[in-house]
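Let me begin by presenting the structure, written as structure tokens, before commenting on it.
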Amino acid sequence: MFAVVVLCGMDDFVREFMLAANDKDMTSGDYVYILTHLLPPDDLLTPWVMNDSFDDNAKKAYFPLLQVHVYHALCTQHKYFLGDSIIYIL
């Protein structure tokens, strides 16, 4: 059996979801998770890190997670809203 799960949510929710999936042995290869973000997470390279005792388990749980980040600069106000947190990938 193979399943694809599409997630859309805030970083805390995604981490809790992935930790629960890991606890239920749903991160061993039978499931693939796709996460969509309208804005990049605060920590693009290690989004599972929350500096708590679950960081190691969360890192393992994020292994089957594909993160897709959508970024469109629509107007000056949008750029102002994002401020210095924009990471440009060319």
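The values are calculated or read from the model by the stated rules, or taken from the named source; none is laboratory data. In this text, all values refer to a predicted model and were calculated from it rather than measured experimentally. Note that each Cβ is placed from the backbone with ideal geometry, even for glycine, and that neighbours are counted across all protein chains shown.
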*asked:* Of the residues T36, T27, only one is under 10 Å from the mean Cα position of the chain (by Cα), among the hydroxyl-bearing types (S, T, Y) and either surrounded by 13 or more Cβ atoms within 10 Å (Cβ to Cβ) or closer than 17 Å to F63 by Cβ (or both); which?
replied: T36
*Before we move on, is P47 in contact with a His (Cβ under 9 Å, 6 or more places away or on another chain) and at pLDDT below 90?*
no
